[in-house]
Structure formats: structure tokens, C-alpha cells
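Read the structure below first, then the notes.
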Amino acid sequence: MSNVISFKDVSLNFGGVQALKNISFDIQENSLFAIIGPNGAGKTSILNCINGIYKPTNGSIEIFGEDTSNLEPDEIANAGVSRTFQNIELFENMTALDNILIGAHRHINYGPVQGLFFSKKARNEEEKARKISEDVIDFLEIEEYRYSYIISLPYGIQKRIELGRALAMQPKVILLDEPAAGMNNEETEDIARFILDIHEELGITVILIDHDMNMVMDIATEVVAMDFGEKLFQGLPEDAAKDQKVIDAYLGVSG
Ligand SMILES: Nc1ncnc2c1ncn2[C@@H]1O[C@H](COP(=O)(O)OP(=O)(O)OP(=O)(O)O)[C@@H](O)[C@H]1O
Ligand SMILES: [Mg+2]
């Protein structure tokens, strides 16, 4: 098993706020790696550091063994890291299919001039993007929403479409920031099943932030617990649930 992501003594400061304090961990290929912790613990900051939106104040991050300090977010995405956001980021006045096509276009290989004249190559590339998008739509069972405008769709479906856009990038690693937040039980179960399928059927390494401890316990292979920018715990989900520091910091406050 090789590491897909390594944090080496990563700190991240915003003025006086230390969002991350000397964080180290390795994420192995094919794991379903969960990050838990209360509000403001630093969970989203970890994802923002992985995909290059933030650069660590100290320490370093490797992705597939390569130091990412000089890489831009789009270069990290092109290396095979895609994500969804805590607050859905979709184009609301476009259809579900068009949003997913945007993800698939990462693979499209034609310059603007070729696109303009709609050359044979551009046409083939466009067909490839459509095929990828339709496969993702089948996989996530969102056929009926294909031509619906995002703004008209229920929240749970919007979250699924955002997941679809990330999958259409055909990533090796997918970062999911609270994919079940704000969902009812049924929607949460659906999303948990899709995350498991992404991990097991598609073989994608999943990094999952979630407040729903039950979901994390059910599906994660490894857990890191954060609090106030510090790593409290790393290990198996069943051990996290028994760890006193985790219970005090997280389970305690969430009831
Ligand atoms: N761009 C920023 N500028 C200033 N402070 C920030 C910024 N991003 C995060 N922080 C601060 O860093 C800390 C960690 O925030 P982060 O968003 O990583 O927490 P989180 O664990 O994802 O919380 P939540 O569960 O509420 O999503 C918080 O104190 C937050 O206010
Ligand atoms: Mg967050």
C-alpha cells in the first residue's frame, strides 16, 4: 500500500488563528479516510491545504509522493484530486448535466480554435465528455434530474450532483466536505451507500469530513479526530468511539 497523501508537520495560520498545528498523517491508497471534530477544528482547512487553496505556513504536503508547495489548485486537480464543498458550489442556472459536463471537461483536449470550428477531434472529445457524464449520472441514479436546473432541485439531489461533477473528473482521490450535512436520514443513507460504492467499486481513495459519527463508524477505514487545529486521535473508527479525548472533544459536545 502506498501513500497518496502525506502531511508532514503542517501548520496553517490566519493572523492570530492557528487553524492547523503541526499536523502529520499519511493517507494510504484505497482508504476511506474520515476527518471528524467539532466546528472550527480545522477539518475544512485540511482539505483546502490538500487541494492547494491554502498553502501551509509551515511543514509540507506530498500528493502521490510529490511535494505540492509549488503547485496551483488546478495542477493538483489535474493530478487526480477532486472535491465537493461544504456549501454546494454548482452553477444554479445550468442543468445537472451541464454541471457534470464541466467536471468531465477536465479530460477534454482541444484548443479554443479547434473548438470553434468543431473539428472532428473536438467532436470526439465532446462525445467522450458526454459518455463520462452519462456514466456518472447512471452511477448516482440521477437520470430523472439530467435536464433540471440546479436551482429547482432539492438540496439532497444538489449535493449528489456536486458529487457527480467531482466524479466526472475521474479522480484518483476525492475530497468530500460534509456530503451528508443538512440531509434527512434517508438521504444520508443514500449518500453513504454512494460513498461506499465510490470507494469499493470505483477504487477511489476517499477523504471524508462528516459530523455524522454513525456514518463515519459504518464506512470509514481510518479516522483522524481534530480539535482546535490539533490532531487528537488517529486510528480505527471503533477505537475513536472509545477514545476519551475524542469523546470529550467531539461526541460530548454533539450530544
Ligand atoms: N480563510 C480564513 N481566514 C481566517 N480564518 C480562517 C479561514 N479559514 C478558516 N479559518 C479559521 O480556521 C479555523 C478552522 O476552520 P475550518 O473551516 O478548517 O474548521 P472546520 O473543522 O471545517 O469547521 P466546521 O465544522 O464549522 O466546518 C477556524 O477558527 C476558522 O475560523
Ligand atoms: Mg468545515
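The values are calculated or read from the model by the stated rules, or taken from the named source; none is laboratory data. Here the structure is a predicted model, which is why all the values come from computation and not from measurement. Methodologically, a virtual Cβ is constructed for each residue, glycine included, from the backbone with ideal geometry; neighbour enumeration extends over all protein chains shown.
Things to note:
- Residue in the stretch 114-122 that is farther than 16 Å from Ala166 by Cα and either at pLDDT 95 or above or among the charged types (D, E, K, R) (or both) present: yes
- Looking only at the stretch 52-77, and only at residues there that are in contact with a Lys or Arg (Cβ under 7 Å, 6 or more places away or on another chain) and polar (S, T, N, Q), the one that is surrounded by the most Cβ atoms within 10 Å (Cβ to Cβ): Ser60
- Restricting the stretch 223-233 to residues that are in contact (Cβ under 8 Å) with a residue 40 or more places away in the chain and surrounded by 19 or more Cβ atoms within 10 Å (Cβ to Cβ), the residue that is nearest to ligand 2 (Cβ to nearest atom): Met226
- Arg106 more than 16 Å from ligand 2 (Cβ to nearest atom) and either in contact with a strand residue (DSSP E or B) (Cβ under 7 Å, 6 or more places away or on another chain) or outside the structural domain of Asp248 (by TED's automatic domain parsing) (or both): yes
- Residues in the stretch 154-191 that are on the phi > 0 side of the Ramachandran plot and polar (S, T, N, Q): Gln170 only.
- Cβ separations smaller than 7 Å between residues 6+ apart or across chains give the following pairs from the stretch 144-166 residues that are touching a residue at least 60 places away in the same chain (Cβ under 8 Å) to residues that are assigned to a strand (DSSP E or B): Glu162/Thr84; Leu163/Thr84; Ala166/Ser82; Ala166/Arg83; Ala166/Thr84; Ala166/Ile174.
- Some residue of the stretch 20-31 being closer than 23 Å to His211 by Cα and of a type in the set (Gly, Ala, Ser): yes
- Index of the failed condition, Ile108 passing every other in (1) on the phi > 0 side of the Ramachandran plot; (2) away from ligand 1 (no atom under 16 Å from the Cβ); (3) modelled with pLDDT under 95: (1)
- When residues of the stretch 180-201 are limited to those that are of a type in the set (S, T, N, Q) and part of a helix (DSSP H, G or I), the one nearest to Phe139 (Cα to Cα): Thr188
- Some residue of the stretch 57-71 being within 16 Å of ligand 2 (Cβ to nearest atom), in the same structural domain as Leu175 (by TED's automatic domain parsing) and in contact (Cβ under 8 Å) with a residue 60 or more places away in the chain: no
- Counted as qualifying within the stretch 1-97 are the strands (runs of 3 or more DSSP E) with 3 or more residues that are within 11 Å of ligand 1 (Cβ to nearest atom), namely 3-14, 17-28.
- Summed over the stretch 134-155, residues that are under 15 Å from Glu187 (Cα atoms) and either among the aromatic types (Phe, Trp, Tyr) or under 16 Å from the mean Cα position of the chain (by Cα) (or both) total 2.
- Scanning the stretch 15-56 for residues that are more than 10 Å from ligand 2 (Cβ to nearest atom) and of a type in the set (S, T, N, Q) returns Gln18, Asn22, Ser24, Gln28, Asn30, Ser31, Asn51.
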